[in-house]
Every structure is written in C-alpha cells, then in structure tokens.
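The values are calculated or read from the model by the stated rules, or taken from the named source; none is laboratory data. In this text, all values refer to a predicted model and were calculated from it rather than measured experimentally. With ideal geometry, Cβ positions are generated from the backbone for all residues, glycine too; neighbour counts draw on all protein chains shown. Areas reflect the complete protein model, heavy atoms only, side chains present, ligands, DNA and RNA absent. Shrake-Rupley method; radii C 1.70, N 1.55, O 1.52, S 1.80 Å.
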Amino acid sequence: KDLLGYVIPYVEKEFRVIKKQKARAIMGYSMGGGQATTIGFRNPKLFAYVGGFSGGNANLITSSPERSATANKDYKMIFVGAGTEDTALNGARSSHTAMTEKGIKHIFSEDTGYGHDYQIWRQYLHTLLQNTFRD
C-alpha cells in the first residue's frame, strides 16, 4: 500500500522518471525479496523486472493459470537466486521448478558456498543492474 500509494506517486511527481511499466524494477533480498516478488507479481502492469535474492516466492504467478499464461509477456526479467549455504535455497529451488514447469522465463542462480548475506546479494545486484532497462 505504501509503495504503490505513496512512494511511486511521490517519485513520479518530484523527479524526472519514465512513468511506464518497462522502466520499473522491483528487487530485494531476504524478507525484501519476498516483498519484491509479492508486489511485483501482483502488479504486472507496474513492474517489468522482478527479483528475489535469498527470498521471494513465485507462487503468485505459478498458481494462477491467468498469470502463468501472461508472465512471459508481462515481465522482461524474473530473477530468483540463493547460495548453497542459505536456508532460503529450498524456496528458490521450488520457485525455479514451478516456473520451469509453467514455461515462465526466468533466471535462476544457485551459488556454491554463499549463505544468507550481502556477499552474494551485491553480486546479484551488480549483475542484474547491467541487464535491466537495456531496451
């Protein structure tokens, strides 16, 4: 509610930004990854890029036939990743498997030796930002 009702309208009013879905990304790590994927998958008309680093859930798009059918058209990039020493890995694997079974294009990264910390999240952010808003 706060992001959609206050933050985005404020940013669009006060700053020179492109006010289109193709120019919006939402990504987060840990609990923020859960929030980013929840908000992003509930609002495909607002966000073109959605990412969850050691957190997140693809259930919103994989459990809905309508959302699964339009996901490849709605999103330019979906990312899910976690380190092998991270307790969030099982959730990331489940999301990857579910999206693969539904034919939803996404990037999955399982990174050996990394836990639930910024060492891997900063690598994800660095790599993904280079591939966001490229058109």
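So is residue 114 closer than 26 Å to residue 21 by Cβ and at pLDDT 95 or above or not?
Considered against the rule, which asks whether it is closer than 26 Å to residue 21 by Cβ and at pLDDT 95 or above, residue 114 comes out as no.
Could you please give the count of residues in the stretch 64-98 that are among the aliphatic types (A, V, I, L, M), touching a strand residue (DSSP E or B) at 6+ places or on another chain (Cβ under 7 Å) and part of a helix (DSSP H, G or I)?
Number satisfying all stated conditions: 2.
Within the stretch 33-63, take every residue that is of a type in the set (S, T, N, Q) and either open to solvent by less than 20 Å² (accessible area, probe 1.4 Å) or not in a loop (DSSP other than H, G, I, E, B) (or both) and give me the one that is farthest from residue 88 (Cα to Cα). Lay out the reasoning, then the answer.
Within the stretch 33-63, the subset of a type in the set (S, T, N, Q) is 35, 37-38, 43, 54, 57, 59, 62-63.
With either open to solvent by less than 20 Å² (accessible area, probe 1.4 Å) or not in a loop (DSSP other than H, G, I, E, B) (or both) added as a condition, the list becomes 35, 37-38, 54, 59, 62.
Details: 35: 14, 37: 14, 38: 16, 54: 5, 59: 15, 62: 18 Å.
Out of the qualifying residues, it is 62.
Could you pull out the residue among 117, 135 that is open to solvent by 40 Å² or more (accessible area, probe 1.4 Å), touching a residue at least 60 places away in the same chain (Cβ under 8 Å) and not hydrophobic (A, V, I, L, M, F, W, C)?
135
Could you list, ordered by first residue, the pairs with Cβ atoms under 8 Å in which the first is in the stretch 58-74 and farther than 11 Å from residue 44 by Cα and the second is acidic (Asp, Glu) and outside any loop (DSSP other than H, G, I, E, B), at least 6 apart or interchain?
From the stretch 58-74, the pairs are 62/101.
Residue 104: open to solvent by less than 50 Å² (accessible area, probe 1.4 Å) and in contact with a helix residue (DSSP H, G or I) (Cβ under 8 Å, 6 or more places away or on another chain), yes or no?
Spelling it out, residue 104 is indeed open to solvent by less than 50 Å² (accessible area, probe 1.4 Å) and in contact with a helix residue (DSSP H, G or I) (Cβ under 8 Å, 6 or more places away or on another chain).
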